[in-house]
1. State which residue pairs qualify: first residue surrounded by fewer than 16 Cβ atoms within 10 Å (Cβ to Cβ) and inside region 235-257, second residue part of a loop (DSSP other than H, G, I, E, B) in any location, beta carbons under 6 Å apart, and separation of 6 or more residues or different chains.
2. Given the criteria aliphatic (A, V, I, L, M) and in a loop (DSSP other than H, G, I, E, B), does A147 qualify?
3. For R275, state whether it is surrounded by fewer than 24 Cβ atoms within 10 Å (Cβ to Cβ) and within 20 Å of F112 (Cβ to Cβ).
4. Is region 180-195 home to any residue that is assigned to a loop (DSSP other than H, G, I, E, B), under 22 Å from D68 (Cβ atoms), touching a residue at least 60 places away in the same chain (Cβ under 8 Å) and not hydrophobic (A, V, I, L, M, F, W, C)?
5. So which residues in region 96-118 are out of contact with any Leu (no Cβ under 7 Å at 6 or more places or on another chain) and of a type in the set (A, V, I, L, M)?
6. Specify the residue that is farthest from Q165 (Cα to Cα); the eligible residues are those in region 92-104 that are under 21 Å from the mean Cα position of the chain (by Cα) and part of a strand (DSSP E or B).
Amino acid sequence: MSESVVETRRRLLKYLALGPLALPLGALLRADEPIASIEDALSLLDFEAAARRALPPAHWGYLATGVDDDRTVRANREAMDHVQIRARHLVNVSRVDTASAIFGRPVRSPLFLCPVSSMRAFHPEGELGVARAARAEGTIVGLSTMATTKIEDVTEARGEPVWFQLYPSNDAAVMRAMVKRAEAAGSKVLLLTVDLPVGPNRHTARRFAKQDDRPCAACHDNSTFAGTVRRKPMYDGLDLSKVEDNIEPAMDWDYVKRLRDLTSMKLVLKGVVTREDAALAVEHGVDGVYVSNHGGRSEESGRGALDSLPEVVDAVKGRVPVLIDSGFRRGTDVFKALALGATMVGIGRPYVWGLAAFGEQGVQAVVRMLEAELRMAMQTCGTPRIRDIGRERVLA
């Protein structure tokens, strides 16, 4: 075989191996290198690559990890592909209105920023940068129990009270103190996380931590709970001698009732994924249910949050709002959740990618991009208002 024929064959094989037929479509849409500026971003996934470049291995692993083999992380994305949109045309969509409301509060769009722990691990601006971005974009913020900034400071930066996410405690005094502090800061909504009865196997986080040679003891000492949360100001001034972890295996419906009786805040259960628990939540007087699997970080169910949404909505029967997060990356994803009955859709990792890569401006860019994609989805599907997005718009 002549050298020219060999070379031609080599070029052909290289083309087939590297060309468009060999790559999934999503890969073709991503930049070859992480973006250098916000203006270079074409989708939220561009912020993911930029964040990975910006973060040390342990911090990236903490953000990216799921449970065990990360099947539920992947299932959250695959669930979006299980739902098809039934687009309607010949509708006047020259003007699109994404306005909605939650608990009587008008919102510019049905998007909110989920509570995420330890924001200062991802950028020095931390929760304050997120709050300022949310203020600029008119977006609701959920603040984690494990935040690295005081709720009072975050509320001031946001310009209005934030929602507070509560991890349960085996010490009732600690739980009461946190709830009362959130109330004093003006919070109107309390998100009780119910999907972490035990500490999960987050193997991806551990693998990335092994690649990180920085000393972690300067920030946290995981040998004790008090050491773990020493940079988490929601625990400042509290007696933690009886607290074993920010989980409570004994939490049951009596715990929910005690919490309901303790506060005038709207109580939302975060982590409801079945019709049975949704129905019980309404029976026990909660004000909202929140479909979530913690972004795949709580249990290895292998089931996407969007797959869980229809049965939860059917069980609730419109009596309380239904929120959802876990895996949302596109405006069409948000459209599908709204069509299946969600009142609000939360984003978690994407806005943290924006924060890690570009600070406050990165968070703003992520919110703007997702809202723009939602408006485009509404236009292309013939739904000029949020209330026009009904279940007849999708096949699931």
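What follows draws every value from the coordinates through simple rules; no lab data is involved. Just so it is clear, the structure is predicted and the values come from calculations on it, not from any experiment. Cβ coordinates were reconstructed from backbone atoms using ideal geometry, including for glycine residues, and neighbour counts include every protein chain displayed.
1. Listed by first residue and then by second, the contacts come to K242/D171; E244/N170; P249/P197; W253/H284.
2. Working: aliphatic (A, V, I, L, M): yes; in a loop (DSSP other than H, G, I, E, B): yes.
Judged against the criteria, A147 is a match.
3. Details: surrounded by fewer than 24 Cβ atoms within 10 Å (Cβ to Cβ): yes; within 20 Å of F112 (Cβ to Cβ): no.
The answer is no for R275.
4. Quick first cut of region 180-195, residues assigned to a loop (DSSP other than H, G, I, E, B) only: 185-188, 194-195.
Checking the rest, the ones that are also under 22 Å from D68 (Cβ atoms) come to 194-195.
Applying the additional criterion that residues be touching a residue at least 60 places away in the same chain (Cβ under 8 Å) yields 194-195.
Right, trim to not hydrophobic (A, V, I, L, M, F, W, C) and you get 195.
Within region 180-195 (the criterion being assigned to a loop (DSSP other than H, G, I, E, B), under 22 Å from D68 (Cβ atoms), touching a residue at least 60 places away in the same chain (Cβ under 8 Å) and not hydrophobic (A, V, I, L, M, F, W, C)), the answer is yes, since at least one residue qualifies.
5. From region 96-118, those out of contact with any Leu (no Cβ under 7 Å at 6 or more places or on another chain) are 96-97, 99-108, 112-114, 116-118; that's our starting set.
V96, A99, A101, I102, V107, L113, V116, listed by residue number.
6. Per the stated criteria, the residue is S100.
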